[in-house]
1. Nearest 100 Å², what total accessible surface is buried between chain A and chain B (probe 1.4 Å)?
2. Counting pairwise Cα distances across the protein assembly as shown, what percent come out greater than 26 angstrom?
3. Points 7 angstrom from Cα along the Cβ direction at A:D9 and B:A42: gap in nanometres?
4. Accessible area per residue of region B:2-103 at 1.4 Å probe, in Å²?
5. Would you give the gap between the C-alpha center of region B:32-74 and the C-alpha center of region A:45-89, rounded to a whole Å?
6. Got the A:V62 label distances to the other copies yet, label 7 Å along Cα→Cβ, in nm, shortest first?
7. Do any residues of region A:1-50 lose at least 40 Å² of accessible area when the full set of protein chains is present rather than just their chain alone, and if so which, with a 1.4 Å probe?
8. Express as a percent, rounded to the nearest 5, the fraction of DSSP beta bridges in the protein assembly as shown (both residues included) that run antiparallel.
2 protein chains.
Amino acid sequence: MRSVRDSLDLLGGKWKLPIIVGLSGGPQRFKQLQREVAGITAKMLSKELKELEINGLISRHVQADAAPVAVTYTLAAYGHTLFPVIEALHAWGQQHRAHIMHAGEAVAA
Amino acid sequence: MRSVRDSLDLLGGKWKLPIIVGLSGGPQRFKQLQREVAGITAKMLSKELKELEINGLISRHVQADAAPVAVTYTLAAYGHTLFPVIEALHAWGQQHRAHIMHAGEAVAA
DNA sequence: CATACCGGTATCCTTTGGGAAACCGCTATC
DNA sequence: GATAGCGGTTTCCCAAAGGATACCGGTATG
């Protein structure tokens, strides 16, 4: 219970988990990531990325040599430990969508 | 990704999951539950319980015959489908606490 | 030259989440 | 009669979350 709340403290809010999902397929550049995490503003993305980095879940790499200075964000090793959480959420969300589609029938409680 | 967000829509916020955890041990009366979910106010608990009930995750039972009208909240069958989610969150939170102790470096979000 | 992309930051604003405290009728207990 | 517990609701209020918009210097592209 306390541990559930600990997790929620780190991962709570509208965007943290979606961002991690967005990075779970591999490193992404800022704008790429913004497109992937549909609906997020640059301000929010920037802010959330900072917090995620502080907590060691992702890492930020700057390639200064590149022409327009590329920045990539990568899911850190510690971030990978969140996969079970994400998978559980993913599975439940999927199941829930199906559940809702079927709703409308007689529901015996 | 969309499914993760769906889950977050239903379960997001500070209290929904803690409340479900609080009910996972069996039915609880309102005040009992409030004591169990440490820190929650009656207003919040009342509001969150309504939303959880609307979404079919818990059910509310009134025993009007009893002396001071007992009300009990129970995790509905559908609420039980959240156990994998809760367990994942619980495990991660526990692990994270250990992780932080080990690193000797706690960073609050 | 104009436009667009990159990786953001700064400013302003609205919405919401959520806490504190008072109060409700009812009952049982001291 | 006073107090306490139950299951809440109501009101007031503040802080935080989050959205919209504009802007920055740099480069490449048409």
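1. 3400
2. Taking all Cα-Cα pairs of the protein assembly as shown, the fraction more than 26 Å apart is 43 percent.
3. 2.9
4. On a per-residue basis, 53 Å².
5. What the calculation gives is 39 Å, centre to centre.
6. 6.2
7. A:M1, A:S3, A:V4, A:R5, A:D6, A:S7, A:L8, A:L10, A:P18, A:V21
8. DSSP beta bridges in the protein assembly as shown are roughly 95 percent antiparallel.
The values are calculated or read from the model by the stated rules, or taken from the named source; none is laboratory data. These figures come from a predicted structure and were not determined experimentally. Quick reminder, even Gly has a Cβ in these numbers, built from the backbone with ideal geometry, and neighbours come from all protein chains shown. Protein only, heavy atoms only, side chains kept; ligands, DNA and RNA dropped before computing areas. Shrake-Rupley method; radii C 1.70, N 1.55, O 1.52, S 1.80 Å.
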